[in-house]
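This report refers to the structure that appears directly beneath it.
Just so you know, all these numbers are worked out from the coordinates, no wet-lab data involved. None of these values were measured; they are calculated from a predicted model. Methodologically, a virtual Cβ is constructed for each residue, glycine included, from the backbone with ideal geometry; neighbour enumeration extends over all protein chains shown.
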């Protein structure tokens with residue numbers, strides 16, 4: 001597979017800008033450290049040349065940015081989409097959240113993105129920079145010099161359990177598109193299902209009690225595109241960012257999981273951005289697995305305009321009582 | 001702040017027997033917004049209503065809560081009372097402390113506590129109620145009758161006679177239904193065809209009736225007064241308007257081995273066929289499963305012999321869309337399968353038959369030309385055993401059969417026994433029964449005649465086993481009155497199979513959102529007081545699709561359903577339901593979730609310019625509800641991911657207030 005490099009993307013962006021196909025580019029630029037890459041908007045080739053970066057931390061899913069970006073201006077916006085991003089892209093189109101005509105989508109292949117937490121776990125404290133070197137990462141540390149880690153050991157969970165290398169939407173492809181992968185992404189959910197109720201409660205209590213209500217998961221989630229969020233309501237009692245309760249008493253994460261049920265493409269952005277490393281994607285995956293089990297396999301965003309099973313009654317649908325029976329104590 | 005009046009009803013002892021109504025009124029007096037709380041013997045009586053009327057006037061009430069029976073019973077009554085006192089009718093809430101409280105509790109203390117909680121919830125809701133005004137919708141003055149049996153035909157005729165156009169949709173190539181297959185009818189013994197076929201012809205010739213035979217309902221959208229129905233006209237490969245029904249093709253067709261379903265497959269028909277001589281429409285139909293031309297492209301005999309040039313092998317299924325104001329379900333019944341009842345050896349011997357098959361054997365147009373001959377060897381049977389209640393009145397825990405009584409079997413078995421003895425006095429006829437149930441005008445007299453004048457042996461008891469031995473059927477049965485086992489060497493055994501709703505009823509109910517019972521019979525709006533209406537407005541029930549029925553009962557119900565339809569179609573406009581959905585455009589994402597779940601097509605989208613909080617202007621796609629079309633089902637409010645959809649009168653805030661009040 002062709003490796004995507006900064007140069008290739010720069011050249012493509014410059015070409016499309018010059019041709020007038022697009023008048024702005026959604027891309028990444030470096031933050032304080034090489035590993036806190038942030039999304040940014042570029043309007044000229046010069047800006048791109050100066051700040052545009054691409055590397056193992058360019059993991060942000062740009063689909064959601066299109067909701068606001070396409071409203072902002074006339075003309076098209078260029079967006080680079082990894083295979084997993086294209087599912088969110090389609091799901092947002094299904095929900096009419098942006099105008100397809102305002103977007104030029106370039107599909108880029110992806111071998112997986114790195115998770116800085118996994119790097120820190122292996123390289124110790126004081127990581128000051130990370131560089132790519134073939135299949136390895138060179139990690140600069142403040143106290144311990146450079147360390148070489150295998151990229152395979154640093155992949156984010158969503159990339160280890162990558163569900164698809166296939167681009168389901170694009171105007172143009174760099175390299176080649178791949179296939180849907182028979183991944184092991186539900187293994188972790190199965191483990192949770194096998195727990196007793198008490199064990200499962202303890203597991204989630206432990207995880208969710210760390211939540212600081214920074215709203216990063218909500219803000220990054222491509223399924224969370226409400227004009228006004230229910231949690232933005234001052235009367236909801238959940239607006240505060242401070243930890244006002246020990247454990248999800250206001251059920252922020254559970255309500256959020258319900259809100260995105262059937263629409264979540266399992267892009268994994270929620271867990272990627274969580275500063276407390278809460279495995280939020282597991283809540284969504286449980287929904288996806290249940291939907292698969294009860295209503296046949298369904299991948300949100302696989303096609304534009306598809307009808308999600310939860311909001312599409314069919315006569316052969318499972319009776320609710322049967323669903324309860326089948327899922328036993330996991331209902 | 002609302003000024004709320006609370007009125008607690010005793011309903012005689014119906015409520016007061018298990019609920020301390022005085023304590024309820026006292027407890028609710030101190031709820032937020034309540035200015036008066038009182039109780040009375042019968043709130044729905046004129047005196048009770050006057051009391052509410054007075055209280056509204058005297059206390060300037062802005063809302064009332066009536067703690068009484070189910071809102072289905074008297075909500076309309078109390079809304080009218082409130083309206084007469086100058087209050088908006090939608091400021092009335094009913095706390096159901098009868099069906100959902102006093103009737104299900106035995107303990108006064110628990111009942112009282114629950115009644116207070118239910119009252120409190122209703123008060124919490126009224127505090128958030130707002131006056132609502134219903135809109136009006138026009139009525140499409142045309143009815144659809146689904147099913148062309150005697151029920152459907154009678155309903156259609158009665159509606160058509162009142163001057164409204166009616167379509168009958170029938171899946172079979174002809175109307176007539178089960179009655180067309182019958183020989184004689186009880187209790188008068190006049191021939192079924194003689195009384196049915198004139199009605200079929202009348203329906204065909206009626207200027208207001210259109211018969212869509214060989215057609216199926218595929219999809220139903222809309223609501224009372226405004227249904228849109230998709231009907232599939234199946235290809236019959238014969239031009240209906242040209243075919244003269246001469247029947248030449250059905251004689252010349254070389255494919256002779258097609259089981260004849262009209263004679264319950266006891267003989268064969270051709271691949272091109274007219275079900276029976278008096279079929280309406282009298283038009284041939286090609287059975288695509290057997291036609292050699294359609295299957296292999298080689299034959300074409302029927303096209304060659306047809307002088308009218310009516311054969312068209314290229315015909316395709318046709319989908320038509322029609323609008324109706326009312327829909328009548330008349331899908332009828334079928335005998336149940338005898339497969340699970342093999343103790344009667346139905347699948348082992350051709351001489352064990354069902355009553356409907358017996359009906360065909362006795363019919364002059366049947367496979368034997370009306371002679372009672374054994375299907376196995378064509379010999380005349382001498383000993384005939386009738387078994388009643390096969391699959392009817394089974395225990396709820398039984399692995400097979402129906403719990404209900406099929407109602408018609410006692411009478412038709414008496415008829416069969418009587419006719420047999422009348423035509424063939426040399427026969428011995430036994431009828432095994434659990435009970436003989438013959439209520440109905442002249443019904444018991446009829447049964448007594450079978451026993452007393454025709455010498456039919458009625459034996460109380462069930463047949464345990466039928467075993468074929470040689471050309472005989474060994475019947476083992478118990479005679480409960482004589483307390484002994486009987487062994488009868490029979491030539492023919494006739495099973496009175498239970499009846500069940502037609503298979504098409506369940507999918508139809510789903511399309512109509514009409515409710516059904518566990519046996520797939522359509523449920524009435526009220527078992528006693530609204531027996532021909534479905535709880536779904538604009539949907540009416542005719543015939544055996546609502547429950548087992550004989551012909552006289554079916555015809556009277558068909559007429560009653562027609563009267564209800566006429567009452568609806570006679571109106572120019574229907575008052576709508578003001579409890580409709582509305583979208584908060586500032587919250588709406590334009591995601592189309594609501595549009596996709598709306599069963600009435602009431603939601604459309606517009607792209608509008610919005611001034612955004614950051615002082616920019618943005619074009620946003622937002623949902624809009626057509627209030628005339630919305631039926632207030634609330635599906636959209638649940639589907640909406642951002643909570644932009646809400647239902648007037650049942651707003652999320654109101655429901656939450658009720659829940660909070662209950663959980664307080």
For segment B:581-648: relative contact order, % (alpha-carbon pairs under 8 angstrom, 6 or more apart): 47 percent
Mean separation of Cα contacts under 8 Å, 6 or more apart, over the residue count of chain B: relative contact order %: 13 percent
Between segment B:327-393 and segment A:264-287, the alpha-carbon center distance in angstrom: 64 Å
CD proxy at 222 nm, helix term only [per DSSP H run n ≥ 4: -39500 (n - 2.57); per residue of chain A; nearest 500]: -9500 deg cm²/dmol
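Once Rh for segment B:535-647 is found with the Kirkwood sum over Cα pairs, what is the Stokes-Einstein diffusion coefficient at 4 °C and 1.567 mPa s, in µm²/s? Let's see the in-between values first.
On the way: Rh = 17.1 Å.
It diffuses with D of about 76 µm²/s by this estimate.
How large is the helix-only mean residue ellipticity at 222 nm for chain B, computed as the sum of -39500 (n - 2.57) over DSSP H runs with n ≥ 4, divided by its residue count, in deg cm²/dmol to the nearest 500? Write out the running numbers ahead of the final one.
Details: 17 runs with 178 residues, N = 664.
It lands at -8000 deg cm²/dmol.
For chain B, what proportion of DSSP beta bridges, expressed in % and rounded to the nearest 5, is antiparallel?
55 percent
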Rounded Å value of the spacing that divides the Cα centres of segment B:1-47 and segment B:96-157: 20 Å
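Regarding chain A, what is the average projected area of its C-alpha convex hull, in nm²?
Details: hull surface 74.1 nm².
For the Cα atoms of chain A, the hull's average projected area reads 18.5 nm².
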Mean Cβ neighbour count within 10 Å, used as a protection proxy, ranking B:539-552, B:619-632, B:651-664 highest first: B:539-552, B:619-632, B:651-664
In degrees, nearest ten, helix B:150-161 long axis to first principal axis of chain B (Cα): 60 degrees
Nitroxide proxy distance, nm - points 7 Å out along Cα→Cβ at residue A:296 and residue B:396: 3.6 nm
Mean-position separation - Cα centroids, segment B:183-235 and segment A:143-168, in angstrom: 69 Å
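Could you tell me what a quarter of the Cα convex hull surface of segment B:248-305 works out to, in nm² with one decimal place?
Working: hull surface 15.5 nm².
Value for segment B:248-305: 3.9 nm².
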Helix axis angle, B:443-452 relative to chain B longest principal axis, alpha carbon, degrees: 30 degrees
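Take peptides B:307-317, B:281-291 and line them up by average Cβ neighbours within 10 Å, highest first, as a rough protection proxy.
Numbers: B:307-317: 14.0, B:281-291: 20.2.
Answer by packing, highest mean first, reads B:281-291, B:307-317.
Can you tell me the mean projection area, over all orientations, of the convex hull of segment B:481-555's alpha carbons? Units nm², please.
Taking a quarter of the hull surface, the average projection is 8.6 nm².
Count the DSSP beta bridges whose two residues both fall in chain A, then state the antiparallel fraction as a percent rounded to the nearest 5.
70 percent
Using Cβ counts within 10 Å as a stand-in for footprinting exposure, how do B:465, B:125 rank, fewest first? Before the final figure, lay out each step's value.
Numbers: B:465 12, B:125 23.
The order, fewest Cβ neighbours first, is B:465, B:125.
So if we plug the beta-carbon distance of residue B:618 and residue B:518 into 1/(1 + (r/R0)^6) with R0 = 56 Å, what FRET efficiency do we get, rounded to 0.05?
Working: r = 53 Å, r/R0 = 0.95.
Efficiency, rounded to the nearest 0.05: 0.60.
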Helix B:46-59 vs. chain B, principal-axis angle (Cα, 0 to 90°, nearest 10): 30 degrees
Relative contact order (percent, whole number), segment B:4-126, Cα cutoff 8 Å, 6+ residue spacing: 33 percent
Zero-based 20 Å bins, Cα pair distances in the protein assembly as shown, whole percents: 11, 29, 31, 23, 6, 0
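Order by neighbour count: B:532, A:4, fewest other Cβ atoms within 10 Å first, most last.
Details: B:532 23, A:4 20.
The order, fewest Cβ neighbours first, is A:4, B:532.
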Nitroxide proxy distance, nm - points 7 Å out along Cα→Cβ at residue B:107 and residue A:190: 4.7 nm
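Based only on other Cβ atoms within 10 Å, what is the fewest-to-most ordering of A:179, A:171?
Values: A:179 9, A:171 16.
Arranged by neighbour count, lowest to highest, A:179, A:171 become A:179, A:171.
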